[in-house]
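K.L.:
Here it is, the structure, as structure tokens.
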Amino acid sequence: MLELSLAIDGPAASGKSVVGRGLAEHLGIGFVDTGLIYRACTLAVIREKIDPLDEKKVFELVEQMNMDMRWEILSFPEMYIDNENVTSELRTSIIEQNVSYVSRIEKVRHNLVARQRNIAERESVIMAGRDIGTRVLKEARTKIFLNASTTTRANRRLQETIDAGIYTSYEKIFESTQRRDNLDDSGHRAVRPEQASSDAIIVETDNLNVEKVIDLCISIYRNTNKN
């Protein structure tokens, strides 16, 4: 089922989640937001009062974690830790500030790549992240890289934050977006177009609304899976 899955890569706040959810609704395929998996790990690290910079202790915790992704609605994955639904806790500022420290740990990524592949091996999925086409779903016929300027992405993140009932300034969000880009740009993750898989289609989203991006991605998916 890996070949029929759809891989979406791109930097933070480039629209991967909202586009992934829209594609799930149109194509009837489960959406896997890999960012939620990393955020769940970060939540566990914080709960256990582990220093996110202590790579050894972070990996040891992640390695033994009992976590799962489940769907009541295909477009809205939910994360569970030890059968506790923790989805509502994964968009807080403390998670936002620390998730890149966890996700850049090579051993953590290696562990989670295996878990993500296991999901896609069971059934075709739409999977979004930063190394999906280059590492997790290399076999996928459809690979899309969503790109947008830092300004556009900061505005989107600000709106998401406001919608979640958390109020902050554009300046803080812009600085946070830049910091996330710098932390994520480890050379091992596809956060810039030139780092995307060689067979990925680059979609610039600055001047496109969500509906147009989704329509374009649906067209790409259908064209790459004609046979």
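The values are calculated or read from the model by the stated rules, or taken from the named source; none is laboratory data. Bear in mind that the values here come from a model prediction, so they are computed numbers and not experimental data. As a convention, Cβ positions derive from the backbone with ideal geometry for all residues, glycine included, and neighbour counts pool all protein chains shown.
K.L.:
Counting only residues that are among the acidic types (Asp, Glu) and at pLDDT 95 or above, which one in the stretch 26-68 is surrounded by the most Cβ atoms within 10 Å (Cβ to Cβ)?
P.N.:
Among them, the one singled out is Glu55.
K.L.:
Additional query: Quick one: in the stretch 69-88, of everything that is among the acidic types (Asp, Glu) and at pLDDT 95 or above, which residue is farthest from Ile173 (Cα to Cα)?
P.N.:
In this case the residue turns out to be Asp82.
K.L.:
Let me ask another. Taking the stretch 136-166 only, how many residues are modelled with pLDDT under 90 and over 25 Å from Gln97 (Cα atoms)?
P.N.:
The qualifying residues number 0.
K.L.:
Is it the case that Asp215 is more than 18 Å from the chain's Cα centre (by Cα), modelled with pLDDT of 90 or more and assigned to a loop (DSSP other than H, G, I, E, B)? Outline the logic, then answer.
P.N.:
On the way: more than 18 Å from the chain's Cα centre (by Cα): yes; modelled with pLDDT of 90 or more: yes; assigned to a loop (DSSP other than H, G, I, E, B): no.
For Asp215, the condition - more than 18 Å from the chain's Cα centre (by Cα), modelled with pLDDT of 90 or more and assigned to a loop (DSSP other than H, G, I, E, B) - is not met.
K.L.:
Out of Thr177, Thr168, Thr151, which single residue is touching a helix residue (DSSP H, G or I) at 6+ places or on another chain (Cβ under 8 Å), more than 19 Å from Gly20 (Cα to Cα) and not in a helix (DSSP H, G or I)? Quick ask: steps written out before the conclusion?
P.N.:
Working: Thr177 fails: not in a helix (DSSP H, G or I); Thr151 fails: not in a helix (DSSP H, G or I).
After applying the criteria, what remains is Thr168.
K.L.:
Need the failing condition index for Lys138 against (1) farther than 23 Å from Asn209 by Cα; (2) among the basic types (Lys, Arg); (3) part of a helix (DSSP H, G or I), just the number.
P.N.:
Evaluating Lys138 over (1) farther than 23 Å from Asn209 by Cα; (2) among the basic types (Lys, Arg); (3) part of a helix (DSSP H, G or I) leaves (3) as the failure.
K.L.:
Could you name every one of the strands (runs of 3 or more DSSP E) located completely within the stretch 17-126 that has at least 3 residues being in contact with a helix residue (DSSP H, G or I) (Cβ under 7 Å, 6 or more places away or on another chain)? Even if it seems obvious, please write down each step before you answer.
P.N.:
Working: elements: 30-33, 67-73, 76-81.
Once the strands (runs of 3 or more DSSP E) in the stretch 17-126 are filtered for at least 3 residues that are in contact with a helix residue (DSSP H, G or I) (Cβ under 7 Å, 6 or more places away or on another chain), what remains is 30-33, 76-81.
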